[in-house]
Amino acid sequence: MELSEALRTNPSVRDFTDAPVGDEDLAALLEVARFAPSGGNLQPWHVAVIKDLVLRRQLADLCGPVWSDYLAEGMTGATPFTVVGPPPTVEPLGPQPNPLLDAIESVPVVLVVAADLGQIAMMDKDLDRATLSGGASVYPFIHSILLAARDRGLGGVMTTFLARAEVEARPLLGLPDTWAVASMVFLGHPVRRATKLARRPVAAFTTVDRFDGPPFPP
Ligand SMILES: Cc1cc2nc3c(=O)[nH]c(=O)nc-3n(C[C@H](O)[C@H](O)[C@H](O)COP(=O)(O)O)c2cc1C
């Protein structure tokens with residue numbers, strides 16, 4: 001598939017057919033994704049292929065309350081879990097349906113991708129705000145997994161809800177103390193694939209020289 005076409009047409013897929021994804025297919029797409037860039041080329045990622053259905057259920061159960069809180073915060077009009085401004089006053093919603101989490105046992109592929117914090121040069125670590133730059137050493141790899149999946153006719157979604165339950169997930173996953181959960185990734189054969197993605201146009205986020213500069217393209 002042509003690269004521009006793949007970049008423009010790789011929506012989140014959360015609805016999968018029953019068709020399994022073999023280990024060979026998964027290994028082959030990881031073989032492509034491993035060429036992703038990372039700071040200092042340290043490649044600080046590790047992928048756990050979650051096959052144990054009991055473990056899948058435990059991980060989904062950890063994500064359930066996160067999903068409910070995310071929805072509840074979103075209903076206030078705030079960006080859920082934002083680090084900017086005071087936290088919103090939230091009415092707890094209680095358990096909320098989530099097709100991915102509710103049916104996690106039947107998702108063809110569930111991956112947890114974690115990053116070794118000891119191998120990330122956290123450039124913004126001394127600033128007086130939440131860090132951001134370190135994620136750039138692992139999320140391109142995860143995006144490459146999604147693009148490599150697309151190339152093989154698969155679809156999927158990167159999720160971050162498990163990151164919020166990292167403390168509880170750590171012993172279940174055998175995740176070392178100095179590693180951070182980056183994403184739980186779901187893959188499979190799409191039931192359908194959106195063809196038109198809702199994305200802002202270039203002019204809405206690009207300017208010349210300064211962030212308050214003239215628009216680009218002119
Ligand atoms: C950093 C990141 C975190 C995300 N976290 C979640 C998540 O926790 N749960 C989920 O269902 N989707 C998650 N997504 C998927 C986004 O909801 C999705 O990329 C976005 O809504 C665009 O959807 P579309 O590609 O189908 O248009 C995440 C995506 C990214 C890039």
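The values are calculated or read from the model by the stated rules, or taken from the named source; none is laboratory data. Since the model is a prediction, treat every value here as computed from it, not as a measurement. Quick reminder, even Gly has a Cβ in these numbers, built from the backbone with ideal geometry, and neighbours come from all protein chains shown. Accessible surface is based on the protein model in full, side chains and every heavy atom, while ligands, DNA and RNA are left aside. Shrake-Rupley method; radii C 1.70, N 1.55, O 1.52, S 1.80 Å.
Residues in the stretch 110-145 that are of a type outside the set (A, V, I, L, M, F, W, C) and within 16 Å of the ligand (Cβ to nearest atom): THR131, SER133, GLY134, GLY135, SER137, TYR139, PRO140, HIS143, SER144. Residues of the stretch 21-34 that are over 22 Å from VAL181 (Cβ atoms) and open to solvent by 70 Å² or more (accessible area, probe 1.4 Å): ASP23, GLU24, GLU31, VAL32.
Is it the case that PRO171 is modelled with pLDDT of 95 or more, under 19 Å from GLY64 (Cα atoms) and out of contact with any helix residue (DSSP H, G or I) (no Cβ under 9 Å at 6 or more places or on another chain)? Against the criterion (modelled with pLDDT of 95 or more, under 19 Å from GLY64 (Cα atoms) and out of contact with any helix residue (DSSP H, G or I) (no Cβ under 9 Å at 6 or more places or on another chain)), PRO171 qualifies.
Checking each residue in the stretch 160-187 for being within 16 Å of the ligand (Cβ to nearest atom) and free of Cβ contacts under 8 Å to residues at least 60 places away in the same chain picks out THR160, ALA163, GLU166.
Beta carbons closer than 7 Å, at least 6 apart along the sequence or on distinct chains, pair a first residue in the stretch 189-218 that is in contact (Cβ under 8 Å) with a residue 60 or more places away in the chain and loosely packed, with under 10 Cβ neighbours inside 10 Å with a second that is part of a loop (DSSP other than H, G, I, E, B) and not acidic (Asp, Glu) for THR195/THR9.
Residue-by-condition table, conditions (1) assigned to a loop (DSSP other than H, G, I, E, B); (2) more than 16 Å from the ligand (Cβ to nearest atom):
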position	(1), (2)
ALA60	no, no
CYS63	no, no
GLY85	yes, yes
GLN96	yes, no
GLU105	no, yes
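Condition check ((1) open to solvent by 40 Å² or more (accessible area, probe 1.4 Å); (2) on the phi > 0 side of the Ramachandran plot) across all residues:
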residue	(1), (2)
ARG8	yes, no
ASN41	yes, yes
ILE50	no, no
CYS63	no, no
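Looking across the stretch 188-203, the residues that are within 16 Å of the ligand (Cβ to nearest atom) and not in a loop (DSSP other than H, G, I, E, B) come down to GLY188, PRO190.
For the stretch 1-34, which residues satisfy the criterion of being away from the ligand (no atom under 14 Å from the Cβ), of a type in the set (Val, Ile, Thr) and within 23 Å of ILE104 (Cβ to Cβ)? Full working, then the answer.
The first filter runs over the stretch 1-34 and keeps only residues away from the ligand (no atom under 14 Å from the Cβ), leaving 1-5, 17-34.
Subsequent filtering for residues that are of a type in the set (Val, Ile, Thr) retains 17, 21, 32.
If the condition is that a residue be away from the ligand (no atom under 14 Å from the Cβ), of a type in the set (Val, Ile, Thr) and within 23 Å of ILE104 (Cβ to Cβ), then THR17, VAL21 are the ones that fit.
Checked against the criterion of being over 23 Å from VAL49 (Cβ atoms) and open to solvent by 60 Å² or more (accessible area, probe 1.4 Å), the candidates ALA72, ALA78, ALA121 yield just one match: ALA121. The set of residues from the stretch 127-154 being of a type outside the set (Gly, Ala, Ser) and part of a loop (DSSP other than H, G, I, E, B) comprises LEU127, ASP128, ARG129, THR131, LEU132, VAL138, ARG152, LEU154. PRO37 meets all of the listed conditions (1) more than 16 Å from the ligand (Cβ to nearest atom); (2) over 26 Å from LEU197 (Cα atoms); (3) open to solvent by 20 Å² or more (accessible area, probe 1.4 Å) but one, namely (2). Would a scan of the stretch 44-53 turn up a residue that is β-branched (Val, Ile, Thr) and either in a helix (DSSP H, G or I) or away from the ligand (no atom under 16 Å from the Cβ) (or both)? Scanning the stretch 44-53, I find at least one residue that is β-branched (Val, Ile, Thr) and either in a helix (DSSP H, G or I) or away from the ligand (no atom under 16 Å from the Cβ) (or both), so the answer is yes.
Do you know which of the residues in the stretch 140-180 that are of a type in the set (Val, Ile, Thr) and open to solvent by 10 Å² or more (accessible area, probe 1.4 Å) is nearest to ILE120 (Cα to Cα)?
The extreme case among them is THR178.
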